[in-house]
Amino acid sequence: MFATGILPPDGNDSDTGSRSSSSIAPAQEAAPATSSGAEAASPATSPSSSAATSPPRSSARASATPSQTESPLAKTAPSPARVPVGGAGVQAAADYATSRGYRAGVAVLDTKTGKLWGASEHSARFASESVVKVFVATRLLLTGQLTGDRADIAFRMIAQSDDGAMDALYGFAGADQVTPWIADHYDIPDLGAPPAQVGWWSNAKITAAGLVRFYAKVKADPKVWPWLSKAMHAATEYGSDGTYQFFGLKQADPNAAIKQGWGQDDDDWSAASDFNSTGFVNSDRYAVAILVKGPPYEYNSGTPATVTGIAKRLMPGGVMRPG
């Protein structure tokens, strides 16, 4: 995502392949989205007006060929369910968004029991924005490529959502084929899809249900979890571009391990604002994916605030209650 600074408490991460973001006002419960952007309260600074003619977010190199070395998965955790079930908590959280005119995909997976809950568009594809960076780090770990300086770059890519780091590593992880590779490796056919244009990594698609199953799989993978969990728990309050990252899950559980995403990188280009809050909560027991799509004029306010509203309804008092 081409992003610049977003201020608390509803910001999101940015990617070089996405639109520019600017400051987001302090978190408040989002008002219902209106059909007219002109009448809606405009953000202090809106995404760059040049976005419509901007090239795709990232021109990441795709020429490097990753190693094919892989490792077996740990067998200690229960297999995550493939089909989400409904639950009062997860449904109420999703309804908070949809009743205000936002699209939302919400999924929660209990890594202790394998139970999976989903609501609203939990199986629909949303633009991943910076969330795809966890796939890049995972493939590099699985193929033995995350060592030395490259490991430091990858840590910055996850913790600070650094787009330059993503550009530097994208090709080594298979570039645009990293999402299908991860889906095949972990047997998650509904994980998502490659970007619509070559190198536009923030446009890669993910589903909420597929993503929480991915998180459950990597938590059970000894080649991935120790490094990735440390990096996600080390998420900085502000991304490397100045964006405030602690919207969504961090507002409900300050100890959450997160990978955020934000921008305007769906196939509709800049006609919407896309904000995602994903990761682990409640001592890493629950994997959570909150994917939200709102109107473009709510980029700096309503859309990230809606993500936070969903997270707080999923975890009243900071405790996950999806059922």
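Take the Cα of Asp187, go 7 Å toward its beta carbon, and none of the backbone nitrogen atoms of segment 102-128 fall under 13 Å from that spot. Taking amide H positions as modeled 1.01 Å from N, with prolines and chain starts lacking one, the residues under 5 Å from Ser273 and 5 or more places away or on another chain are Gly294.
If the segment from Arg285 to Arg82 were pulled out straight at 0.36 nm per residue, it would be longer than the present Cα-Cα gap by 71.3 nm. Please check which bits of segment 290-310 a label hung off Thr98 would reach, taking the label as a point 7 Å along Cα-to-C-beta and the cut-off as backbone N under 20 Å. Flagged as within label range: 290-295, 303-310.
Taking all protein chains together and rolling a 1.4 Å probe, Ile290 ends up with roughly 0 Å² accessible. Ranked from largest to smallest solvent-accessible area, with a 1.4 Å probe on the protein heavy atoms, Lys230, Lys259 come out as Lys230, Lys259.
With a 1.4 Å probe and all protein chains left in place, how much accessible area per residue does segment 141-261 have, in Å²? All intermediate terms of the calculation are to be shown ahead of the outcome.
On the way: 3670 Å² over 121 residues.
That works out to 30 Å² for each residue.
Under 1.5 on a/c is rounded, so check that first for segment 190-323, then, if it is not, pick prolate when a/b is larger than b/c and oblate when it is not; a ≥ b ≥ c are the square roots of the alpha carbon gyration tensor eigenvalues. Oblate shape, in that a/c is at least 1.5 and b/c is the bigger or equal ratio.
Accessible surface of segment 192-314, 1.4 Å probe: 52 percent of it comes from carbon and sulfur atoms.
Net charge near Ala193: determine it from the other residues with C-beta under 14 Å of the C-beta of Ala193, scoring Lys and Arg +1 and Asp and Glu -1.
Numbers: positive: Arg125, Lys205; negative: Asp176, Asp184, Asp190, Asp265, Asp266, Asp267.
Once all neighbours under 14 Å are counted, the net charge is -4.
Here Met315 sits with roughly 0 square angstrom of accessible surface, probe radius 1.4 Å. Given R0 = 35 Å, the distance between the Cβ atoms of Lys112 and Glu237 translates into a calculated FRET efficiency of 0.75. Rounded to the nearest 10 square angstrom, Asp95 shows an accessible area of 70 square angstrom against a 1.4 Å probe.
From the square roots a ≥ b ≥ c of the eigenvalues of the alpha-carbon gyration tensor of segment 124-187, which class results: rounded (a/c under 1.5), prolate (a/b over b/c), or oblate?
Values: a/c = 2.05, a/b = 1.26, b/c = 1.63.
Since a/c reaches 1.5 but b/c is at least a/b, the shape of segment 124-187 is classed as oblate.
The values are calculated or read from the model by the stated rules, or taken from the named source; none is laboratory data. Computed from a predicted model, the values in this text were never measured in an experiment. Don't worry about glycine lacking a Cβ; one is built from the backbone with ideal geometry, like all the others, and counts go over all protein chains shown. Each accessible area value is taken on the protein alone, full model and side chains, heavy atoms only, with ligands, DNA and RNA left out. Shrake-Rupley method; radii C 1.70, N 1.55, O 1.52, S 1.80 Å.
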